[in-house]
Amino acid sequence: MNSLAEIPTTGDASQWTESQKALMEFAGLYKKMHTSNGEQMILAPRAIVEAFAQTVQRTQLDPIARQIYCIERGGKYSIQVGIDGARLVAQRSGEYAGQRPIQWTADGIEWVDVWLSKEPPAAARAGVMRKGFTEPLYAVATWSSYAPHFNGKLSQMWSQHGSLMLGKCAEMLALRKAFPMELSGLYVAEEMDTATATQVASISSRDWQAELKIVDDKADLRVLFKACKDSGEMTPALSAEFMSHASKLTKDSSIVDAEIVEEAEQK
C-alpha cells in the first residue's frame, strides 16, 4: 500500500475506504471501540484530521514508517514527526548541507561531543547548516526546560537516555530554525514529553472510569458527565464510555444521552 496515496482528502470518515480507515487508525486519528451497544468509532476533530492530511502531503512523510503521526493528550491533538522524518524533510528541500555534531555541557562553558557523566547534562546544542548561509544555525536545549518529571520522578526513557533525548530536542530546534517553512509547527516526541508531564501533574485524583462504573442513575450520570467535562479532562475515549454507559441505563433518548452524544461527536 502506498501510504501517501491512501491519505484521505476529506475529514469526513464516511467517505473513507477501509484502507484509509486503517491508515488513519495507525496514525492515531481513528479508533474502533467495541461497547455493549455495538461498535463505536472515535475520530479526532475533523479540523485535526484535515490538518494532518495536509501536513502529510506538504512534508511527504510516511505515517506507516512512523515518520509522522498524531498524538492525543487529554483531548488535545498534536502532529509529531520522528527525528528521521525531520531530517528527511530538510534533505528533500535541496538546501540541507549537513550538521555539526551534537554537543553537551555541564556549565555552558565547556562543550563535549560525548556525554559520559552519570549526572544529566545542563544543556545540549546542535548546529544545522543550510546552503547559502555562512554559519551553522545553532539551537540549545536545556535540561531544566525539557526533562519531564511525573509526580516529581524523572521518566524512564529520560532517566536512562537523558543526553540522547535532550540532543534530539536540540537538533529539532535547530532544524526548525534552519527550515521554518518546511518544519514549522512540527515537533518530535521528546519535545512534547514535558507537556505530557505537566498535564499528568495537573490531573486531579479523580478516577473518572471507576466512578462511571458505579453510577446506576441517569441524574448521577449527568452530574458526573458535567463534572468531567468542566474539569477539562474529558477525552474522546471517556466520552465514548459515558455514551455507552448511558445506553445501559435507559433505552430511550434522554437529555443525558443527547448531551453525551453531542460531546462525543464534537470530539
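Here, each number is a calculation from the coordinates, and none is a lab measurement. Because the structure is predicted, anything quoted here is derived from the model rather than measured. Backbone-built Cβ (ideal geometry, glycine too); neighbour counts: all protein chains shown.
Need the C-alpha centroid separation for region 176-191 versus region 127-152, integer Å.
Here the answer is 11 Å between Cα centres.
What is the packing order of peptides 181-187, 66-72, 162-168, 113-119, taking the mean over residues of other C-beta atoms within 10 Å and listing the highest first?
162-168, 66-72, 181-187, 113-119
For a 22 Å ceiling on Cα separation, which of these pairs sit above it: LYS153/LYS213; LYS76/LYS218; LYS76/LYS229; LYS21/LYS218; LYS21/LYS168; LYS76/LYS248?
Long pairs (Cα-Cα over 22 Å): LYS153/LYS213; LYS76/LYS218; LYS21/LYS218; LYS21/LYS168; LYS76/LYS248.
Please find the FRET efficiency linking SER19 to ALA47, where r is the Cβ-Cβ separation and R0 is fixed at 22 Å, and quote it to the nearest 0.05.
Taking R0 as 22 Å, the efficiency between SER19 and ALA47 is 0.45.
What ranking do THR10, THR142 get, fewest neighbouring Cβ atoms within 10 angstrom at the top?
Sorted ascending by nearby Cβ count, the order is THR10, THR142.
With +1 on each Lys and Arg Cβ and -1 on each Asp and Glu Cβ, how big is the dipole of region 94-179 about its Cα centre, in debye rounded to the nearest 20?
For region 94-179, the charge dipole is close to 280 debye.
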